[in-house]
């Protein structure tokens, strides 16, 4: 059963202003909200939000106590639903979702008695390690880190402050920087897919993985250690579930990579790149900054900055659309 939080409007104001988000509303500071919900499902005790014009009909029927909304859409609210006007409702939702969350991501500082700690590991203050974990040799865990059950950390791992490692994760040969979230089932730092082609003789990997600060790594995603040097994920990158990142891949900052993407070895990806689900990227390519790759694309050549590409083999999305229309007209 969902826990009702009973959040005061004053708490909402403080949360948004902490992140420099201005708002306009006439709601009383002591007004209580029990949860946050969509415009179609919200009740008279809920806070809601509106950011997509596709749902304008739902907005007109919204029963929420109040709605986070842009000024130009507030006229569509019923008289029973009060407005909280902001410039970016979706960003405001992201921050306010923390207020209403049932998850407590603060370390309790408890190390389970069922944890196996190597003599050669180092733990800082207020580390939480849940039952049935293995912390192996040459591992350093910094302050306020949380490690979920059945997880193996090490060897050769450093996890920096305030990172969260969920259940059933394995991490070896890696540096996880501050404020990262590694979701359940992720596998980070194992050897990549490397061998001499004719003999199939395996190539031993000697590098590591570096995940920079404020990243999220999705459930059952795999990130292989480099043959030499580092496989690197840039800061503030968001990687979905079931993504494969091969050895020696370098991904820039603020990447968004959707589920079931596969990136072959030694490809370099720039900053602010978006990759749609089930896209595949060949090895030894260079993908520029601000590139968008549509879902199910097959990328076989390097891509210049600021391009939007689609199809297989992937090409400028305008050309791809023209080809689709032309082929459809022939049928």
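The values are calculated or read from the model by the stated rules, or taken from the named source; none is laboratory data. No experiment lies behind these values; they were computed from the predicted model shown. We place every Cβ from the backbone using ideal geometry, glycine too, and count neighbours over all the protein chains shown.
Is the stretch 261-272 home to any residue that is touching a residue at least 40 places away in the same chain (Cβ under 8 Å), buried (at least 19 other Cβ atoms within 10 Å of the Cβ) and under 19 Å from residue 170 (Cα atoms)? No: the stretch 261-272 contains no residue that is touching a residue at least 40 places away in the same chain (Cβ under 8 Å), buried (at least 19 other Cβ atoms within 10 Å of the Cβ) and under 19 Å from residue 170 (Cα atoms).
Of everything listed in (1) over 19 Å from residue 188 (Cβ atoms); (2) in contact (Cβ under 8 Å) with a residue 24 or more places away in the chain, the single unmet condition for residue 224 is (1). On the basis of being under 30 Å from residue 196 (Cβ atoms), surrounded by fewer than 19 Cβ atoms within 10 Å (Cβ to Cβ) and assigned by TED's automatic domain parsing to the domain that holds residue 187, does residue 219 make the cut? No; evaluated as a whole, the condition is false for this residue. Would it be correct to say that residue 156 is surrounded by fewer than 22 Cβ atoms within 10 Å (Cβ to Cβ), out of contact with any strand residue (DSSP E or B) (no Cβ under 6 Å at 6 or more places or on another chain), within 21 Å of residue 225 (Cα to Cα) and not assigned by TED's automatic domain parsing to the domain that holds residue 210? Yes; evaluated as a whole, the condition is true for this residue. Here is a check on your reading of the model: is residue 38 surrounded by 14 or more Cβ atoms within 10 Å (Cβ to Cβ), out of contact with any helix residue (DSSP H, G or I) (no Cβ under 6 Å at 6 or more places or on another chain), outside any loop (DSSP other than H, G, I, E, B) and outside the structural domain of residue 183 (by TED's automatic domain parsing)? So residue 38 does not fit the description; no. Restricting 299, 273, 243, 308 to those that are at pLDDT 95 or above and in contact with a helix residue (DSSP H, G or I) (Cβ under 6 Å, 6 or more places away or on another chain) reduces the list to 308. Just one residue in the set 296, 198 is assigned to a loop (DSSP other than H, G, I, E, B) and out of contact with any strand residue (DSSP E or B) (no Cβ under 9 Å at 6 or more places or on another chain); that residue is 198.
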